Amino acid sequence: MIDKTSPIPIYYQLESYIKNQLNAGILKPGDSIPSEREYAESYEISRMTVRQAINSLVNEGLLYRRKGSGTYVAEKKIEQPLQGLTSFTEDMIKRGLTPTSHLIHLKIVQANSFVAGELHISEADPVYEIKRIRLADGEPMALETNYISAHLVNGLTKEVVSASIYAYMEQELGLLIAHAHQSIESVKASAEDENFLKIKRGHPMLYIQRNTYLQDGTPLELVKSIYRGDRYKFNIQMNRLR
Ligand code: GLP
């Protein structure tokens, strides 16, 4: 599998070989991979070369290192297209994962100036503040805080928000959710993320803000979310702009 006469760099050949094993399921999430020394001896290549291949796979998030223990296969990332407005519940079901939520709090608060501005309501107007840990097959994926005008939406109970808020708003209230604006930024995991998402402080995370609108243009929700950077990958189809 390593061809030393090939113009393709050896580290890249090894990297591709390991990637194929990951794709074929020969190496599964949680498996430990052979040590640098084992790869080096098996393929008669230098440890430096092996390290280069493994570093590249670690940087891509396909493998991770555990201090003093070795290198392991990471869990598969959730690939999320950026086109199309969907809910967390829909996204997980589509992937064959079971979505659940741990409700941290559901309360009605007075909109601060930022929330009021985003929702086009007056400062101090009542808004639902819903903070939930979103899980896939029991594993925490994101920490989300929704702000929804209490004048627009009513009946948000603990039971409702522990399931899909979009399903409730569309199916029970008949609201026409139409479009959203979303921004994605990288941030480091905070103490709160560490606590709720069982992620080490400082780990790379994605801060996602979504402003969702109804068909008539009324702002429906402002959502501030922290998604696990090690488990999410966003895809977008792009057309050449001229
Ligand atoms: C995603 C979005 C949120 C949205 C939520 C609704 O997680 N990032 O902005 O509020 O979906 O999900 P559900 O209907 O499952 O409560």
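If the condition is being among the small types (Gly, Ala, Ser) and within 17 Å of residue 45 (Cβ to Cβ), then region 1-33 contributes 6, 16. Just wondering, is there one or more residues in region 190-213 that are polar (S, T, N, Q), touching a residue at least 40 places away in the same chain (Cβ under 8 Å), part of a strand (DSSP E or B) and within 15 Å of the ligand (Cβ to nearest atom)? Looking for residues that are polar (S, T, N, Q), touching a residue at least 40 places away in the same chain (Cβ under 8 Å), part of a strand (DSSP E or B) and within 15 Å of the ligand (Cβ to nearest atom), one finds at least one in region 190-213, hence yes.
For first residues located in region 96-113 and of a type in the set (D, E, K, R), partners that are within 13 Å of the ligand (Cβ to nearest atom) and lie 6+ apart or on another chain with Cβ distances below 8 Å form the pairs 107/128; 107/129. The conditions of being surrounded by 15 or more Cβ atoms within 10 Å (Cβ to Cβ) and either closer than 20 Å to residue 189 by Cβ or more than 12 Å from the ligand (Cβ to nearest atom) (or both) are met by residue 149. Within region 119-128, is there a residue that is without any contact (Cβ under 8 Å) to a residue 40 or more places away in the chain, among the charged types (D, E, K, R), over 26 Å from residue 205 (Cα atoms) and outside any helix (DSSP H, G or I)? Taking every residue of region 119-128 in turn, at least one turns out to be without any contact (Cβ under 8 Å) to a residue 40 or more places away in the chain, among the charged types (D, E, K, R), over 26 Å from residue 205 (Cα atoms) and outside any helix (DSSP H, G or I). The listed residues are 61, 96, 68, and the only one of them that is assigned by TED's automatic domain parsing to the domain that holds residue 206, at pLDDT below 95 and out of contact with any Cys (no Cβ under 8 Å at 6 or more places or on another chain) turns out to be 96.
The values are calculated or read from the model by the stated rules, or taken from the named source; none is laboratory data. Just so you know, these numbers come straight off a predicted model, no measurement behind them. Note that each Cβ is placed from the backbone with ideal geometry, even for glycine, and that neighbours are counted across all protein chains shown.
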